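The values are calculated or read from the model by the stated rules, or taken from the named source; none is laboratory data. Bear in mind the structure is a predicted one, so any value in this text is a computation, not a measurement. All Cβ positions, even for glycine, are placed from backbone atoms using ideal geometry, and neighbour counts span all protein chains on display. The accessibility values were calculated without ligands, DNA or RNA, using every heavy atom of the protein model including side chains. Shrake-Rupley method; radii C 1.70, N 1.55, O 1.52, S 1.80 Å.
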There are 2 protein chains.
Amino acid sequence: MDERISLAHGDGGELAHQLIQEVFVQAFGNQQEARLDSACIELTSTNIAVSTDSFVVKPLFFPGGNIGKLAIAGTVNDLAVSGAVPKYLTASFIIEEGLLISDLQTIVNSMAEEAKKAGVIIVSGDTKVVDRGSCDGLYINTTGIGIFAEKNPLNPENIEAGDSIIVSGTIGDHGIAILSARGELGIATDIESDCQSLNEMIYEVLEHSSQVRIMRDPTRGGLATTLVEICEDFNVSMEITETSLPVRREVEGACDILGYEPVYLANEGKVIIIVAKEDADKVLAVLRKFSFGEKATIIGQVTGRDKGILLLKTPLGNTRRLNRLSGMLLPRIC
Amino acid sequence: MDERISLAHGDGGELAHQLIQEVFVQAFGNQQEARLDSACIELTSTNIAVSTDSFVVKPLFFPGGNIGKLAIAGTVNDLAVSGAVPKYLTASFIIEEGLLISDLQTIVNSMAEEAKKAGVIIVSGDTKVVDRGSCDGLYINTTGIGIFAEKNPLNPENIEAGDSIIVSGTIGDHGIAILSARGELGIATDIESDCQSLNEMIYEVLEHSSQVRIMRDPTRGGLATTLVEICEDFNVSMEITETSLPVRREVEGACDILGYEPVYLANEGKVIIIVAKEDADKVLAVLRKFSFGEKATIIGQVTGRDKGILLLKTPLGNTRRLNRLSGMLLPRIC
């Protein structure tokens, strides 16, 4: 097999056939599980969740993961936070002419590994090759199907004053890891991306509490943007406490230098859970059983319905309103 | 709204929110139908087909369509030829900084229109913005879910000697339309892409014949590559007759000049149907009821099982073997 991807790998002909056989079918399993056209699936329920995401992260490899691992975990998490059990994924690749086939292979193998860990099957795929200069190495789309055993276990319409807001761990790790890997920080950090499939942990949370109102993964736009969206979508107001936010010291340091706020940095392995106050400790206990949930903590509470405002209580005891991310240029973060 | 896409349209914050509301939700319908995260769907069957495709066609606009129409029709057709009824699509956009928002709007509106025509609902979406020079205007991924009423109506394992091979119309139109739109032909042509959702037509074919063995849409790699794949996948041999192939005069002319063979050119609105000989006329009659099926014709037959070879009978009465597309560089055709 050629060392680098050529245009002929994308024309649907002989070389394309070889690439699919030798890289994709090899990694994603036998023809039955990984047919590269329409796949036929028998589901166990007619209630499903569907989610799609294209990944354009730069660079392709970063501390804690690569674009392939991210593409699996990202879509698995989108399904899991919607209350569904992720089952099937499609994977579609836009590859730049000149990409090292060994790099593609590493990335595809990471996908296979993360899919196995998350218990999802890659059922259908697609490969396109674009000429040199027409993409930045590799973009991956994953689209996932999750199953609801019976009905959706989440009840966002029940959000009420007093509900606890929980985050499953430190915020901003992914954002700083990516900026650091790009050499844009001007400083060296040891921060790794938190990129991680959370479905197993989330499933266990839902087994232990029937009072989870809503869950979200705070990716692009960070914790603050995600909470603002919940506030607006469901007309609820919230207050979070700055001193309670779990932030690694290195992330805080990088933010100080760059003028960023950790609440706006992307996360790829964290979940926000809004749950009835009486179940909050139960949920925390479940999260903390997982190594990547050790730092789970209550960061605030719902203060009422109908205003749709997110407030941050500062260390000085003042409060200020948080809005959506705006004007901070953090492109290609996922 | 700004005239061109900026990086801030992709950061998950305020401008991204506006873009989604003003372009995507506007075109794809209300929030209920077009939530831009996980979508919850209730299916009517547990037997489904799933197909994914990323579209990187160059240029974005071409005679007969644009990348948006193509992205809908392409995935609709992939599902339809697998015997499923296409129902739900996801749409994911990778947009280059600097793209005219009006162009994006035109493309997204084409998608909405083609989705409506095909009877599919766009249920989930995603938008990423990459910096100038990191993609070629716009790439779109669509992933589709189709439903099998009971079981898959196709029986490729029943393919046998004597079965008819039908193509639903002229071949090579899309390939030549794209090359022409790129100005790569050095000649002017009036050829339009055949880009078209075929699900309604295919559905009617299946209603009239229970002896359809297999269907495929001959996109990248063209008619010949698609037939070779069927030959190899199911160990059957076929013979097609060159003089019976429906080819527009202008396509033939362009092929003569460029040294291309129409059997290797991409199609985006054609279906190949392999059906028991006794049902062939019935299938032809159904196809010809549709304006885009008028030129449907029998182009050859299955000659036996087990060799996996595709032969072309030339006008002189000789036969030559056709292989997969190889060595003809036709990138970014879909």
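Calculate the radius of gyration of the Cα atoms of chain B to one decimal place, then report Dmax, the largest Cα-Cα distance, as a whole number, both in Å.
Reported Rg and Dmax, both Å: 20.6, 67.
Take the stretch B:7-147, drop everything but the C-alpha atoms, weight them equally and run the Debye formula without solvent; then report log10 I(q)/I(0) at 0.16 Å⁻¹ to two decimals.
-0.80
State the antiparallel share, in %, of DSSP beta bridges confined to the protein assembly as shown, rounding to the nearest 5.
Percent antiparallel among DSSP bridges in the protein assembly as shown is about 80.
Long-range amide H contacts for B:Gly221: which residues qualify at under 5 Å (H placed 1.01 Å from N, peptide plane, sequence gap of 5 or more or a different chain)?
Amide H neighbours of B:Gly221, under 5 Å, 5+ apart: B:Ala266.
For chains B and A, what's the summed buried accessible area, probe 1.4 Å, to the nearest 100 square angstrom?
For chain B against chain A, roughly 5200 Å² becomes buried.
Using the beta-carbon distance between A:Thr243 and B:Lys117 and R0 = 60 Å, what value does 1/(1 + (r/R0)^6) give for FRET efficiency, to the nearest 0.05?
Taking R0 as 60 Å, the efficiency between A:Thr243 and B:Lys117 is 0.60.
Which order do peptides A:284-291, A:232-239, A:90-97, B:165-172 fall in by mean Cβ count within 10 Å, highest first?
The densest-packed peptide leads the list: B:165-172, A:90-97, A:232-239, A:284-291.
Can you work out ³J(HN,Hα) from phi for every residue in the stretch A:263-278, in order, using Karplus 6.51 cos²θ - 1.76 cosθ + 1.60 and θ = phi - 60°, giving whole Hz and x for Gly and Pro?
5, 9, 8, 5, 10, 10, x, 10, 10, 9, 10, 9, 9, 3, 3, 5
Keeping all protein chains in place, calculate the accessible area per residue for the protein assembly as shown (probe 1.4 angstrom), answer in Å².
Accessible area per residue, the protein assembly as shown: 37 Å².
Among the helices of chain B (complete DSSP H runs), which have Cα atoms covering no less than 15 Å along the helix axis and a Kyte-Doolittle mean of at least 0.5? Numbers along the way, then the final one.
Values: long enough: B:67-81 (21 Å, 1.20); B:101-118 (25 Å, -0.18); B:222-234 (18 Å, 0.85).
In chain B, the long hydrophobic H runs are B:67-81, B:222-234.
Sketch the reach of a paramagnetic label on A:Asp190 as a point 7 Å from Cα along Cα-to-Cβ, and name the residues of the stretch A:248-287 whose backbone nitrogen lies under 11 Å away.
Of the residues in the stretch A:248-287, A:250 have backbone N under 11 Å from the label point off A:Asp190.
Compute the relative contact order of the stretch A:7-147 as a whole-number percentage, counting only Cα pairs closer than 8 Å that sit 6 or more residues apart in sequence.
Relative contact order here is 39 percent.
Please list, ordered by chain and number, the residues whose modelled amide H lies under 5 Å from the amide H of A:Val236; skip anything fewer than 5 residues away on the same chain.
A:Asp306, A:Gly308
How big is the protein assembly as shown along each principal axis, measuring the range of its Cα positions in Å and listing the largest first?
If we take the Cα atoms of the protein assembly as shown, the spans are 91, 49, 42 Å.
For every helix of n ≥ 4 consecutive DSSP H residues, a contribution of -39,500 (n - 2.57) applies; sum these over chain A, divide by its total residues, and give [θ] at 222 nm rounded to the nearest 500 deg cm²/dmol.
So the helix-based figure for chain A works out to -8000 deg cm²/dmol.
Carbon and sulfur: what percent of the stretch B:156-322's accessible surface (1.4 Å probe)?
43 percent
Run through the DSSP bridge list for chain A and note the antiparallel percent, rounded to the nearest 5.
Restricted to chain A, the bridges split so that about 75 percent are antiparallel.
So which of B:Lys151/B:Lys295; A:Lys58/A:Lys270; B:Lys117/B:Lys289; B:Lys116/B:Lys282 end up more than 22 Å apart, counting from Cα to Cα? Show your work: numbers first, answer last.
On the way: B:Lys151/B:Lys295 30 Å; A:Lys58/A:Lys270 20 Å; B:Lys117/B:Lys289 17 Å; B:Lys116/B:Lys282 28 Å.
Beyond 22 Å between Cα atoms: B:Lys151/B:Lys295; B:Lys116/B:Lys282.
For the stretch A:41-55, state which residues have at least 40 Å² less accessible area in the presence of all protein chains than in their chain by itself, taking the probe as 1.4 Å and leaving out ligands, DNA and RNA.
A:Ile41, A:Leu43, A:Thr46, A:Ile48, A:Val50, A:Thr52, A:Ser54
Sort B:143-152, A:118-127 for me by packing, meaning the mean count of neighbouring Cβ atoms within 10 Å per residue, highest on top.
Result, highest mean Cβ count within 10 Å first: A:118-127, B:143-152.
Over the Cα atoms of the stretch A:156-322, compute the convex hull volume and normalise it per residue, giving Å³. Don't skip to the answer; put the middle values down first.
On the way: hull volume 17.3 nm³, N = 167.
Considering the Cα atoms of the stretch A:156-322, their hull volume per residue is 104 Å³.
Roughly what % antiparallel, to the nearest 5, for the DSSP beta bridges in the stretch B:235-334?
In the stretch B:235-334, approximately 70 percent of DSSP beta bridges are antiparallel ones.
Calculate the mean, over all residues of peptide B:251-257, of how many other protein chain Cβ atoms lie within 10 angstrom of the residue's Cβ.
Across the residues of B:251-257, the mean count of other-chain Cβ atoms within 10 Å is 0.
Considering every residue in B:5-11, what mean count of other chain Cβ atoms within 10 Å of its Cβ is obtained?
Average neighbour count from other chains, rounded to a whole number: 5.
Name the residues whose placed amide hydrogens come within less than 5 Å of the amide hydrogen of B:Gly98, ignoring near sequence neighbours (fewer than 5 apart) on the same chain.
Placed amide hydrogens put B:Ile5, B:Ser6 under 5 Å from B:Gly98.
Is there a simple number for the mean count of other chain Cβ atoms within 10 Å of the Cβ of residues in A:215-221, and what is it?
Going residue by residue through A:215-221 and averaging, the value is 2.
Please report, to one decimal in angstroms, the Kirkwood hydrodynamic radius of the stretch A:231-334 built from all distinct Cα-Cα pairs.
The Cα-based Kirkwood calculation yields 15.5 Å.
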